[in-house]
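The values are calculated or read from the model by the stated rules, or taken from the named source; none is laboratory data. Here the structure is a predicted model, which means the values were calculated and not measured. Positions of Cβ are backbone-derived with ideal geometry, glycine not excepted, and every protein chain shown enters the neighbour counts.
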Amino acid sequence: MEGFSLEDVIAGRNPVKEALRSGRPINKILIAEGGEPGPLREIFSMARRVNIPVQKVDRQRLNKFAPETAHQGVVALAAAREYVEVEDILKAVPPGEAPLLMLLDEIHDPHNLGAILRTAEAAGINGVVIPRRRSAPLTRVVAKSSAGAVEYVPVARVANLPATMEDLKKRGLWVAGADAGGEELYWDARLDGPLALVVGGEGKGLGRLVKERCDILVRFPMHGRVNSLNASVAAALFAYEVLRQRRKAF
């Protein structure tokens, strides 16, 4: 079920409305195509006010999310944890410490996202940023794969990752992306200042607009026949190289 478990599902019009009213963290709302527009209009409006994506799907797909429930044409997929704003992550950085963020471009596999959060917590990364669409959201599968790290690593969800990168650059962060065509090996790049690390998805890596907004693209040495690393492995190498350089700098 796309990385979701039945425990993530809130089914039915009134339960979904109450979840929205209470401020419960929600990844997205699924509405059946051809459903009654009147009763669902309020849910559309409530979701839009708090920037929760709403997706129309056929009833057969909706039935997979709520097989034993009368979903009344609407299902909400709850988040395993509340999202934060990028501003919250930056404000929480201790005084005198250079911020270190990790931005993820279209990581669809919830197990990979969980593994990256586990690395982020271990490496002391201040927060992780994911796109609102075309990304695995925070689900119980992600939480389990993170071995509990999801409880400690702030995760922000943004509408436009390239725009967020530009904003971070204006705030003084250097944006470094991992890419097979990078101009420098990752251990040769200077990574000891205020930094946002960018890691791409399992299939195509960094998108074009994301690449264009990186200050530098670095690559990992590849000596075998496979030309890429798993996203969570790349994230771990990247994060710990920053730690190595920061330790050396002081």
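Buried (at least 17 other Cβ atoms within 10 Å of the Cβ), in contact with a Ser or Thr (Cβ under 7 Å, 6 or more places away or on another chain) and under 23 Å from ARG244 (Cα atoms): is that true of ARG118 in this structure?
yes
State the number of residues belonging to the stretch 79-108 that are of a type outside the set (A, V, I, L, M, F, W, C), under 23 Å from GLY205 (Cα atoms) and modelled with pLDDT of 95 or more.
Going through the stretch 79-108 one residue at a time, the tally reaches 1.
Give just the number: which of (1) among the hydroxyl-bearing types (Ser, Thr, Tyr); (2) crowded, with 24+ Cβ neighbours inside 10 Å; (3) in contact with a His (Cβ under 7 Å, 6 or more places away or on another chain) does THR139 not satisfy?
Checking THR139 against (1) among the hydroxyl-bearing types (Ser, Thr, Tyr); (2) crowded, with 24+ Cβ neighbours inside 10 Å; (3) in contact with a His (Cβ under 7 Å, 6 or more places away or on another chain), the one that fails is (3).
Which of the numbered conditions does ARG21 fail, given that it passes all the others? Conditions: (1) surrounded by fewer than 16 Cβ atoms within 10 Å (Cβ to Cβ); (2) under 30 Å from ALA196 (Cβ atoms); (3) modelled with pLDDT of 90 or more.
(2)
Against the definition (over 13 Å from ALA196 (Cα atoms), assigned to a loop (DSSP other than H, G, I, E, B) and touching a helix residue (DSSP H, G or I) at 6+ places or on another chain (Cβ under 7 Å)), how does ILE116 come out, yes or no?
Spelling it out, it is not the case that ILE116 is over 13 Å from ALA196 (Cα atoms), assigned to a loop (DSSP other than H, G, I, E, B) and touching a helix residue (DSSP H, G or I) at 6+ places or on another chain (Cβ under 7 Å).
Which residue pairs have Cβ atoms under 7 Å apart, sit 6 or more places apart or on different chains, and have a first residue in the stretch 133-151 that is touching a residue at least 40 places away in the same chain (Cβ under 8 Å) and a second that is exposed (fewer than 15 other Cβ atoms within 10 Å of the Cβ) and part of a helix (DSSP H, G or I)?
ARG140/GLU7
Can you name the residue in the stretch 24-37 that is surrounded by 13 or more Cβ atoms within 10 Å (Cβ to Cβ) and of a type in the set (D, E, K, R) and is also modelled with the lowest pLDDT among such residues?
Within the stretch 24-37, the match that is modelled with the lowest pLDDT is ARG24.
What's the total number of residues in the stretch 157-190 that are under 19 Å from ALA231 (Cα atoms) and in a strand (DSSP E or B)?
Result for the stretch 157-190: 7.
Limited to the stretch 2-13, what total is found for residues that are surrounded by fewer than 20 Cβ atoms within 10 Å (Cβ to Cβ) and either modelled with pLDDT of 90 or more or of a type in the set (D, E, K, R) (or both)?
Summing the residues that are surrounded by fewer than 20 Cβ atoms within 10 Å (Cβ to Cβ) and either modelled with pLDDT of 90 or more or of a type in the set (D, E, K, R) (or both) in the stretch 2-13 gives 3.
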